[in-house]
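The values are calculated or read from the model by the stated rules, or taken from the named source; none is laboratory data. Being a predicted model, the structure only gives us computed values, none of them experimental. Cβ placement follows ideal geometry from the backbone for every residue including glycine, while neighbour counts extend to all protein chains displayed. When the accessible area is computed, the model is the full protein with side chains, heavy atoms only, and any ligands, DNA or RNA have been set aside. Shrake-Rupley method; radii C 1.70, N 1.55, O 1.52, S 1.80 Å.
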Amino acid sequence: MMTLPLVLNGSHCVFIIIGGGQVAARKVRTLVASGASVTVIAPSVTDDIQVLASEGKLTLELRPAGTDEIYQAGSYVVLATDDEQVNALQAQRARQAGALVCRTDEPDGNDFIFPAVVDRSPLTVAISTSGATPALTRSVRERIEAFLPQDYSILARWMEDLRSRLRSEGSQHDRANFWRQWMRSQAPEQILARRPDIAQAITDDLLSGKEPDRGEVFLVGAGPGDPDLLTFRALRLIQMADVVFYDRLVGERIIDLLPAAAEKFYVGKARSDHAVPQDDINQLLVDEALKGKRVLRLKGGDPFIFGRGGEEIEQISASGIPFQVVPGITAASGCASYAGIPLTHRDHAQSVRFVTGHLRNGTCNLPWNELIHPSQTLVIYMGLVGLPYICEQLIAHGMPADTPVALVEKGTLPDQKVHTGTLASMPGYVEGREIHAPTLTIVGSVVTLREKLSWR
Ligand code: SAH
């Protein structure tokens, strides 16, 4: 079938739907939303068609379509009954009258078909395989759904307003060139970040011929390792970066997603071996943004959970540089899911506590008494070296020695390993075993659920 995609003005279209089942109902919803004039002819209809009729959004004729049905030239007729003969007869009558026909039981020979739609009104994306393979149409639609942020509606409306403003002001700008620059500027992303005032300032700069100041910092959580766990927003900002500063916890597979042209700097922190001191990192971010670059600060997990994200943006904020923070899946969530250990569970734990087990001078200063609560899951970040000490302290403060413990090694990564034991057995277990960072420790009876819930 050769097809020609057109976008119709719904309010100028007259649709007659023959049939009142689920197939008809799906089309009717789309048509009503477009503002089209809709008449449904069927002896009985689904509840939602009935509701639309009672709201006055369509005309309902509760009767079978007759052999003498009258159609108007130029109207659109959708044949959605499950009776082939009825569909064939009505198609013939409609065409004789000069109407256009879509038979939902026949992929071939239709005058028009309904595409799959991704709706970010006023932006709409229509997808069709010309009726050849609905499964492929659906799959493409799902992909586009996933990659087109919901807020594109807001973006499209903002651009629509700007366009009509420029028109009414009789702006003499080279329009095509202006919009090209605008789309490449930070303005669209600022609108998606709900900062229309910054978008407006960028727009004003462009209109007055000034090079807009693009300098900005994106503090982005890259999640625990599996690139599939990035958020859509993280991926979008990653793809926009001019310069990137990343940590040790950001794995190769995520680094591969960075733009080829971006400058990449490793500022990672292996334990006690800070490749770049924290103060210098903070300063680097500021310096690069002041040069007008889009600076991506990419961190493992969530930047605000044991990530020093707060410290880094304090300085950026003080320098007046715009910044955005994108949450990431923190190691506790990622490791727990991929290990099959729910962090809370009505029968086991009503709360969960994240602590850092990082040792300073061979000890760590944790509020031990608060950690031994029986219906609380304890998640320990940065705790491998301190594990024997931590287990010992928890027991000493009253946690039962047989409390289950899981040690998740390289959580969410292809070579993830989960080691389980108890507070009493774990120190001996890890001794002499080769266990690779990063590791996360989960303490509490939820660990036993892993036997049933492990799925990887
Ligand atoms: N901001 C990060 C945590 C940084 S602290 C987050 O939200 O996840 C670093 C610690 O996180 C590591 O020592 C380790 O305990 C934990 N961690 C991070 N990624 C991990 C992973 N993939 N597997 C296990 N632990 C991880």
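What the table shows:
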| read-out | value |
| --- | --- |
| Test: residue 358 is more than 16 Å from the ligand (Cβ to nearest atom) and surrounded by fewer than 20 Cβ atoms within 10 Å (Cβ to Cβ) | no |
| Criterion: touching a helix residue (DSSP H, G or I) at 6+ places or on another chain (Cβ under 6 Å) and modelled with pLDDT of 95 or more - qualifying residue of 341, 395, 390, 380 | 341 |
| Scan of segment 361-377 for residues that are modelled with pLDDT under 95 and either open to solvent by less than 20 Å² (accessible area, probe 1.4 Å) or within 16 Å of the ligand (Cβ to nearest atom) (or both), ordered by number | 364, 366 |
| Residues that are in contact with a Leu (Cβ under 9 Å, 6 or more places away or on another chain) and of a type in the set (S, T, N, Q), drawn from segment 371-419 | 377, 393, 403, 412 |
| Output for segment 76-123, where each listed residue is at pLDDT 95 or above and hydroxyl-bearing (Ser, Thr, Tyr) | 76, 81 |
| Residue satisfying all of: in segment 71-87; more than 16 Å from residue 39 (Cβ to Cβ) and touching a residue at least 12 places away in the same chain (Cβ under 8 Å); least open to solvent (accessible area, probe 1.4 Å) among these | 87 |
| Residue list for segment 127-143, restricted to those being of a type in the set (A, V, I, L, M) and surrounded by 15 or more Cβ atoms within 10 Å (Cβ to Cβ) | 127, 140 |
| Among residues of segment 346-355, those that are under 14 Å from residue 332 (Cα atoms) and either open to solvent by less than 40 Å² (accessible area, probe 1.4 Å) or away from the ligand (no atom under 13 Å from the Cβ) (or both), counted | 4 |
| Boolean, residue 384 is in contact (Cβ under 8 Å) with a residue 40 or more places away in the chain, surrounded by 15 or more Cβ atoms within 10 Å (Cβ to Cβ), away from the ligand (no atom under 16 Å from the Cβ) and more than 30 Å from the chain's Cα centre (by Cα) | no |
| Residue 124 vs. criteria among the hydroxyl-bearing types (Ser, Thr, Tyr) and surrounded by fewer than 17 Cβ atoms within 10 Å (Cβ to Cβ) | yes |
| All positions within segment 410-428 that are more than 15 Å from the ligand (Cβ to nearest atom), in contact with a helix residue (DSSP H, G or I) (Cβ under 6 Å, 6 or more places away or on another chain) and not aliphatic (A, V, I, L, M) | 421, 427 |
| Filter result (within 11 Å of residue 364 (Cβ to Cβ) and in contact (Cβ under 8 Å) with a residue 40 or more places away in the chain) within segment 388-402 | 390 |
| Test: residue 256 is within 16 Å of the ligand (Cβ to nearest atom), closer than 24 Å to residue 338 by Cα and among the acidic types (Asp, Glu) | no |
| Subset of segment 109-121 [open to solvent by less than 40 Å² (accessible area, probe 1.4 Å) and part of a loop (DSSP other than H, G, I, E, B)] | 110, 112 |
| Lone qualifier among 310, 334 - being within 12 Å of the ligand (Cβ to nearest atom) and surrounded by fewer than 16 Cβ atoms within 10 Å (Cβ to Cβ) | 310 |
| Hey, residue 180 modelled with pLDDT under 95 and basic (Lys, Arg) or not | yes |
